[in-house]
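The values are calculated or read from the model by the stated rules, or taken from the named source; none is laboratory data. Model, not experiment: these values are computed from the prediction. Note that each Cβ is placed from the backbone with ideal geometry, even for glycine, and that neighbours are counted across all protein chains shown.
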Amino acid sequence: MQRAILHMDLDSFFVSVERLLDSRLRDKPILLGGTSDRGVVASCSYEAREYGVRSGMAMKMAKQRCPEGIVIRGNSMTYTKYSRIITEILKEEVPLLEKASIDEFYADLSGMDQFFGCYAYASELRRKIIHETGLPISFGLSENKTVSKIATGEAKPNNQLRVDEGREKDFLAPLHVGKIPMVGEKTLHRLAHMGVRRIGVLQQIPIEMMQSTFGKAGSIIWQKAQGIDNRPVIPYTERKSISTERTFDRDTTDVQKLQSLLTAMAENLAFQLRRGQKLTACISVRIRYSDFQTYSKQQRIPYCADDDVLIRYALDLFSSLYNRRLLVRLIGIRFSDLVHGRPQIQLFEDSQEKNQLFQAMDTIREKHGQRSVVRACGLEAKTIGRHNPFSGEPPVILAHRKQ
């Protein structure tokens, strides 16, 4: 059976939501993110991109390049709400759905040609989303994820594109190698040194050369350039979660100790989210008292994987939950409603310096263990993660900052 993989991506999602709520913003250059000069651009309109503005750029530089740009701080809860609305529409309409990020989806329509015609069905689905939400969305349709994703990029803004079976290499050949997913700046620079700027040139390079130059990643990039990608669509479910809990040897009423442990737990799980390129939309805290009575409380949040934000929510939940002043036997925390994605939404609040700091901290954790860099306020939780307190190598302590 011929595969039919649909990739759908909302166009400038954050900006489109803002324009939906305020029609005066239409056709205007929009800079969405941290409003101070130290802030970062989380998203920008196509009009702003014409000035050279891009996501992740310092807001100060973005305003210099686009002086007429309208700066908006953004509302992450609103974006999460619209993402859920579109997710529910797709869950009802497609047989197999994967939510790749807050604004990006894959669907496996294989076998539907005999009933509707996959392209016609995808077109009708796109019209339905636009009609019911008012948000622009583009799609690409082909036999695999890579080609469909690239086709979506070529279809934008607010359009659609199909790549027929057997035409994948021809479609990809004239495109820039930077269009291939997983080709970042470093790989792009190395390919340029090899004289490779178009996918068609990469298609002619022997796979052995790519393997010797880039290792295992070289083989994957080469296959993508050929239009080969056998990855399945992974069913989306909101039940996926990660969690951790601690049962104390001795029951305690030491609130500072409990908050320190909860901080370390949230920090640890947040790192696991980022390492797995996941975001969470729900956080839960659980307490079990010495009489074995167990209480829990949860809160839905904007999609997130940021230490500061998740720690703050965890401590707020703990404060509202812990009111019995009894001995505590167990404390736990859980992140659920996980989706694939990077912690971009926190850029509304973060500065470039903060983002660079967190990236550096994660790099250290990857190399030396999850507890190699910790907040001072979570230092008491010595057994969280893989750090060995008896190794003779103490963790780097990050000074406590008021949450």
Which members of the stretch 44-67 meet the condition of being touching a residue at least 40 places away in the same chain (Cβ under 8 Å) and either in a loop (DSSP other than H, G, I, E, B) or within 14 Å of F13 (Cα to Cα) (or both)? Y46, S55, G56
Condition first: over 19 Å from the mean Cα position of the chain (by Cα), assigned to a strand (DSSP E or B), surrounded by 13 or more Cβ atoms within 10 Å (Cβ to Cβ) and among the β-branched types (V, I, T). Now tell me which residues in the stretch 231-270 satisfy that. T244, T252
Scanning for something among the basic types (K, R), in contact with a Ser or Thr (Cβ under 7 Å, 6 or more places away or on another chain) and in the same structural domain as P157 (by TED's automatic domain parsing), does the stretch 39-54 turn up at least one residue? no
Out of the stretch 29-45, which residues are at pLDDT 95 or above and surrounded by fewer than 24 Cβ atoms within 10 Å (Cβ to Cβ)? P29
What number of residues within the stretch 99-135 are closer than 30 Å to L21 by Cα, surrounded by fewer than 18 Cβ atoms within 10 Å (Cβ to Cβ) and charged (D, E, K, R)? 4
Test result for N159, surrounded by 14 or more Cβ atoms within 10 Å (Cβ to Cβ), among the polar types (S, T, N, Q) and under 16 Å from S16 (Cβ atoms): yes
I'm trying to understand the selection: among the residues of the stretch 173-195, which are under 15 Å from M209 (Cβ atoms) and of a type in the set (A, V, I, L, M, F, W, C)? V177, L191, M194
Quick check on Y82: is it of a type in the set (S, T, Y) and out of contact with any His (no Cβ under 8 Å at 6 or more places or on another chain)? yes
Can you name the residue in the stretch 271-309 that is more than 25 Å from F14 (Cβ to Cβ) and among the small types (G, A, S) and, of all such residues, is surrounded by the most Cβ atoms within 10 Å (Cβ to Cβ)? S284
Go through the residues of the stretch 313-326 one by one and say whether even a single one is touching a Leu at 6+ places or on another chain (Cβ under 6 Å), modelled with pLDDT of 75 or more, assigned to a loop (DSSP other than H, G, I, E, B) and among the aliphatic types (A, V, I, L, M). no
Do we find a residue being among the hydroxyl-bearing types (S, T, Y), at negative phi, modelled with pLDDT under 90 and surrounded by 15 or more Cβ atoms within 10 Å (Cβ to Cβ) anywhere in the stretch 86-98? no
What's the total number of residues in the stretch 295-306 that are part of a strand (DSSP E or B) and either hydrophobic (A, V, I, L, M, F, W, C) or modelled with pLDDT of 90 or more (or both)? 8
Write out, first by first residue and then by second, each pair whose Cβ atoms fall under 9 Å of each other, whose residues are 6+ apart or on separate chains, and whose first residue, in the stretch 15-26, is closer than 17 Å to V53 by Cβ and assigned by TED's automatic domain parsing to the domain that holds A48 while the second is acidic (D, E) and part of a helix (DSSP H, G or I). L25/E18
